[in-house]
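Coordinate-derived values only; no laboratory data. The model shown is predicted, which means the values in this text are computed figures rather than measured ones. Every residue, glycine as well, gets a Cβ built from its backbone with ideal geometry; the counts of neighbours run over all protein chains shown.
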């Protein structure tokens, strides 16, 4: 049974007049004895409002016309829902009116509004715009309420057949899920179809250095900026810090053989026993710069510029051409795993809140398991 919302104009519901002795006119929306109100931003004196209309003023006709137009526009939002076969509730109506987004709005329009209002990084905003353009190519003019389980299945299949990389496909599905979560939060939709649709895990394709390659890199004779970029990369290998954390690493973060820092990406605080990790190589690197690690971290430049120089350096030790600065973090995790460190310990050192994130480093998982089994066999034989 359709629970149609009823609409009417009400006056001075708060029983409070302004300094001119005027009260506010509001639009009252009622559904099953529940009510919500929208302000018309129109004030009149008590004697100028009677039975839902403005009376006894020179502009009464024009005011009534505007007020009824406002009420009709709100009702049209409800009717758009009904035409789409969506059951309408008052919270949905309130959010749709407040955000100027109706169920008949295109997903692309909603997405642009959400991204425009957010404080996300520019790169993330660009990724959202790429997603919206992609969906327009898949199914032009898709409405928010068009996105159901079958839409997701078809879109996922279309992405697969278009030949894009696995991780790119997963990234686009995750962004779409985030948009629909926002639509649900705003009561524009009741159910996020991603509640039933499973997104696959990303596949880790990050390269890493072997312990032999790390030793070769350490022994390279370099000068100037190349020397600093090599050492910055080694900081990542010795600590697992991301580029954003290496360039913001300061002397005060290091004390008593420990490195304690709030991670730029997640806000998670990591505590690293650098005097113990890899035989204290990070401490030795700090000594190279007379205890002032900022001589490295403050003068690196942009991530892209660093990666360009790093590529030239790594070519000299015949490293995997896919390796970037972020691979130092992968190297850190992989070498720890190969040395038998438990995955849960690596998780804590990396600052991962979920073990599944650490398990993306498949080399860590496999080597750690192999080492544990070998140790177990040795203990059994004794």
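One decimal place: the segment residue 28-residue 82 gains 17.5 nm when fully extended, by the rule 0.36 nm per residue minus the C-alpha distance.
Report the residue, chosen from 329, 250, 34, that carries the largest GNM mean-square fluctuation when the chain is represented by alpha-carbon nodes joined by springs under 10 Å. Among 329, 250, 34, the largest mean-square fluctuation in the Gaussian network model of the chain belongs to 34.
Taking packing as the residue-averaged number of other Cβ atoms within 10 angstrom, the listed peptides 229-237, 16-24, 129-137 run from highest to lowest as 229-237, 129-137, 16-24. To the nearest ten degrees, helix 327-338 and the longest principal axis of the Cα atoms of the chain are 60 degrees apart. For the chain, modelled as a Gaussian network with Cα springs under 10 Å, which listed residue fluctuates most, 106, 223, 298? Answer for the Gaussian network model of the chain: 223.
Using the Cβ-Cβ distance between residue 112 and residue 298 with R0 set to 30 Å, the FRET efficiency works out to roughly 0.20.
Each residue in 38, 208 was given a count of other beta-carbon atoms within 10 angstrom of its own, and listing them fewest first yields 38, 208.
You can think of it this way: the chain between residue 73 and residue 221 has 46.0 nm of extra reach, that is 0.36 nm per residue less the Cα-Cα gap. Mean residue ellipticity, 222 nm, helices only, the chain: the sum of -39500 (n - 2.57) across DSSP H runs of n ≥ 4, divided by residue count and rounded to 500, is -16000 deg cm²/dmol. Decide, for segment 107-195, between rounded, prolate and oblate: order the square roots of the alpha carbon gyration tensor eigenvalues as a ≥ b ≥ c, take rounded if a/c falls under 1.5, and otherwise choose prolate if a/b is larger than b/c, else oblate. Oblate, because a/c is 1.5 or more while a/b does not exceed b/c.
Stretched out fully, how many nm does the piece from residue 39 to residue 58 gain, at 0.36 nm a residue minus the Cα gap?
Once the chain is fully extended between residue 39 and residue 58, it gains 4.6 nm.
With a simple spin-label model that places each label point 7 Å from the Cα along the Cα-to-Cβ direction, the separation between residue 210 and residue 158 comes to 4.6 nm. Segment 210-240 and segment 267-345 have their alpha-carbon centroids 7 Å apart. Taking 78, 271, 161 as the candidate residues, the one with maximal mean-square fluctuation in a Gaussian network model of the chain, Cα springs under 10 Å, is 161. Averaging the Cα positions of each part gives two centres, and for segment 181-195 and segment 1-77 these lie 30 Å apart.
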